[in-house]
Amino acid sequence: MSFGEIAAMAGGHAEARAIQVALKLGLFEALASGELDQESLAKAINADSRATGLLANALAGVGLVDKREGRFTLTESSRQYLLSEASEYLGGMILFDAALWDVWGRLEHSIRTGEPARAPDMFQSAPDDTARFIRAMDSLVRARGDARWVAENLDLRAVKSIADLGGGPGTYVAAMLKRWPHLHASIWDLPATLSVARAVLAEREPVVHDRIELASVNYLDDQLPQGADAIFMSNIIHSEAPETNAALMKKCFAALGPGGTLIVKDHIMNRELTSPPAGAVFALYLLLTTHGRDFSFDEVCWWMREAGFRDIEERALPSPPFTSSMVVAHKL
């Protein structure tokens with residue numbers, strides 16, 4: 001690895017913070033209708049002119065803003081990913097990361113103690129936290145295209161009903177319903193999350209949201225509802241301890257009828273837990289906010305087999321742009 005590569009990683013916080021602050025200030029939205037000079041841009045975001053110029057110059061330097069003859073405009077990428085009305089808006093995820101800025105500052109303490117830097121409540125304790133978290137998950141999946149890829153590459157022609165366990169904003173099942181018109185779906189999640197999901201689906205998925213049932217389910221304490229032909233879980237197991245995940249697989253097995261399918265999508269790691277690299281780095285975020293980590297295929301396969309599932313296979317999503325895999329298992 002070169003000096004430049006190491007230096008870029010070590011200094012990446014500066015670029016990240018510039019983008020986060022620009023979003024919070026509404027800088028990209030201010031440029032949505034046309035070009036502005038430094039003074040006009042500062043006035044639009046209610047900020048200091050000199051400081052706004054420095055921020056906009058930095059964004060121009062990294063390719064998120066164009067600057068010509070002292071006037072700033074959006075790039076094609078900024079319009080695609082950083083305007084709130086864009087279908088592939090990534091800003092929700094970026095603002096979620098911004099809210100965790102101070103949490104990352106306590107990484108050393110978590111490494112020394114092994115304890116999270118914030119209460120591992122899955123952002124359920126305050127409505128603002130819940131909304132930011134759930135909208136971040138929707139934002140990331142839409143921008144990167146995970147839900148669309150999963151819907152197009154899962155064969156659901158024989159599945160009449162699918163439940164998204166811990167389904168958050170319902171981005172995955174909405175994509176599945178658009179791909180498979182015969183399908184009906186449920187989202188099993190906590191009440192605070194379902195409140196946000198209801199709003200997100202009404203805003204983003206008016207065509208299919210009537211085919212989605214929202215059910216209050218706490219998978220830690222409750223038995224799962226019966227009747228779904230398939231259960232889908234995305235980015236759930238990485239938030240929990242191994243023994244919790246083993247118990248959860250047994251609950252899924254009990255909830256599915258004969259021939260039922262379980263699909264677990266996550267960073268599925270190699271045996272050394274070092275690849276994919278994005279999963280190894282993401283495990284530090286999990287240390288800060290949960291009692292979980294990213295798990296290997298061998299670990300996931302063991303839990304599934306112990307629960308009774310068979311015909312277990314890993315299906316890696318293409319990388320780039322994705323960094324995750326699906327583990328598909330069947331109840332015979």
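Structural remarks
- Residue within region 24-39 that is over 13 Å from F72 (Cα atoms) and not aliphatic (A, V, I, L, M) present: yes
- Of residues in region 245-303 being over 17 Å from the mean Cα position of the chain (by Cα) and of a type in the set (D, E), the one nearest to A119 (Cα to Cα): E299
- Filtered by the rule that a residue be of a type in the set (V, I, T), under 23 Å from G145 (Cα atoms) and without any contact (Cβ under 8 Å) to a residue 12 or more places away in the chain, region 244-285 gives a lone residue, V281.
- Scanning region 213-228 for residues that are outside any strand (DSSP E or B) and under 16 Å from K160 (Cβ atoms) yields a total of 4.
- Scan of region 229-283 for residues that are assigned to a strand (DSSP E or B) and modelled with pLDDT under 95, ordered by number: none
- Selected residue (criterion: modelled with the highest pLDDT) from residues of region 186-216 that are among the acidic types (D, E) and surrounded by 15 or more Cβ atoms within 10 Å (Cβ to Cβ): D189
Let's see how each residue does on (1) at positive phi; (2) modelled with pLDDT of 95 or more; (3) surrounded by 17 or more Cβ atoms within 10 Å (Cβ to Cβ):
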| residue | (1), (2), (3) |
| --- | --- |
| G114 | yes, yes, no |
| S125 | no, no, no |
| D146 | no, yes, yes |
| E152 | no, yes, no |
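- Restricted to region 38-57, and to residues there that are in contact with an Asp or Glu (Cβ under 9 Å, 6 or more places away or on another chain) and not hydrophobic (A, V, I, L, M, F, W, C), the residue that is surrounded by the most Cβ atoms within 10 Å (Cβ to Cβ) is T52.
- Taken over region 169-185, the criterion of being under 23 Å from E85 (Cβ atoms), out of contact with any His (no Cβ under 9 Å at 6 or more places or on another chain), surrounded by 19 or more Cβ atoms within 10 Å (Cβ to Cβ) and without any contact (Cβ under 8 Å) to a residue 40 or more places away in the chain is satisfied by P169, T171, A175.
The values are calculated or read from the model by the stated rules, or taken from the named source; none is laboratory data. Keep in mind it's a predicted model, so treat the numbers as computed, not measured. Quick reminder, even Gly has a Cβ in these numbers, built from the backbone with ideal geometry, and neighbours come from all protein chains shown.
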